[in-house]
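In what follows, a structure is listed as structure tokens, so that the remarks can point back to it.
The values are calculated or read from the model by the stated rules, or taken from the named source; none is laboratory data. These numbers come from a predicted model, not from an experiment. Cβ placement follows ideal geometry from the backbone for every residue including glycine, while neighbour counts extend to all protein chains displayed. The protein model used for the area step is the full one, side chains on, heavy atoms only, and it has no ligands, DNA or RNA in it. Shrake-Rupley method; radii C 1.70, N 1.55, O 1.52, S 1.80 Å.
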Amino acid sequence: MNLTLAAVALLGLTNACQNASAASGYEISGQLKNAPAGTTLHLAELTSSQFVERGTAKTDAQGNFTFKGEQPASAAVYQLKVDEPNQVLLVLDNKTRLTLNGDAKNLMTTYAVKGSKDSEVIQELTRSNLASKVQLENLGQRYTLASQSGKTDSLDTIKNQYLTAVNNLTARNKAIIRRNAKSVAAGFAVLSFVSPDEEFQFADSIATVQRTAQPNSPFTAALTERLAPLRATAIGTSAPEINLAKPDGTKLSLKSLRGKYVLVDFWASWCGPCRGENPNVVKAYNEYKDKGKGFTIYSVSLDDDKARWTQAIAADGLAWPNHVSDLQKWNSAAASAYGIQAIPQSFLLDPQGKIIAKNLRGPALQAKLAEVLK
């Protein structure tokens, strides 16, 4: 999980907690410690692909500053930045009267906003993620050191601790969003702080609230659009059919593997995280292929080069025979059917072809297979 401000920057929007009689246009005022007179602050709007600067302001001798401007369309996300390490997200519309105070040298962890409920939601989510960021980075460093020193017994323990920390963070973020489900911010917060792929039922429930509470919000529309392809791969549904060519050119359908537990694994030779996860997938296959009703893997490659695809299969020891691809990379028909926007991604199917789990990796995959293949 990427817990940087760039990830948080995909968040959202504003609620009308302002004085309805206020003049048109937003206003941000506040005071920053450790911001000498003349310190330049930058205000940029988050567009579809990047931040676009909309104005600057300078602090006075006491660190006071003021921004004023117009937000002609619907509510938007803005970035107020002192410098690269010190930047925060705000929500502005033409009724926003917002105050912000904090320490310019440690802005993300010290800033406090008032006057915009949605900006307050962003602040709470930001702090939740920052708290876990330190813990997750420490676990990542421990894992690297254990791996380099050959302490293989420690690796699974650290992985489990990492998974627990991620699950706790997700639970906190969901609780914050649930408390604010009717706010404009909630729609985009689901996309930014909770994976709709892994938390479809939760995301869908927030989308339902948003369609009633915020029917005109662009973020309600964005969330609804994002969930549409995921609906076909929600847990409990029958997995969409795939029928693509193997390396030898013959077609292999997913349905032909009914009767076994099947991991539909989307990957590619050019995907570093996929190649890094492959040893865990190989381990799971070797351990569970002959247990219970049986277990196999249906690997769908998003490659566009057949030679690189087959070389990676051999190099990573992917010994199962079920490898398919249409060599269309992100334009793969299978990727479209499953709503794939990033890899690796996987779907565990029961012997009837229903999806029973998604994106199980490392210890999580081992645990689920041990549960179903008793």
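List of remarks:
- Residue check for Phe200: among the aromatic types (Phe, Trp, Tyr) and closer than 18 Å to Leu349 by Cα: yes
- Residue within the stretch 255-265 that is among the hydroxyl-bearing types (Ser, Thr, Tyr), open to solvent by 30 Å² or more (accessible area, probe 1.4 Å) and closer than 21 Å to Lys374 by Cβ present: yes
- Flag for Leu145 being within 29 Å of Gln31 (Cβ to Cβ) and in a helix (DSSP H, G or I): no
- Hey, Gly102 in a loop (DSSP other than H, G, I, E, B) and either out of contact with any Pro (no Cβ under 7 Å at 6 or more places or on another chain) or among the small types (Gly, Ala, Ser) (or both) or not: no
- Of all residues making up the stretch 34-60, the number that are open to solvent by 80 Å² or more (accessible area, probe 1.4 Å) and in a loop (DSSP other than H, G, I, E, B): 5
- In the stretch 61-82, the residue that is farthest from Thr109 (Cα to Cα) out of those that are over 31 Å from the mean Cα position of the chain (by Cα) and assigned to a strand (DSSP E or B) is Gly69.
- Failed item in (1) modelled with pLDDT of 95 or more; (2) assigned to a helix (DSSP H, G or I), with Leu263 passing the rest: (2)
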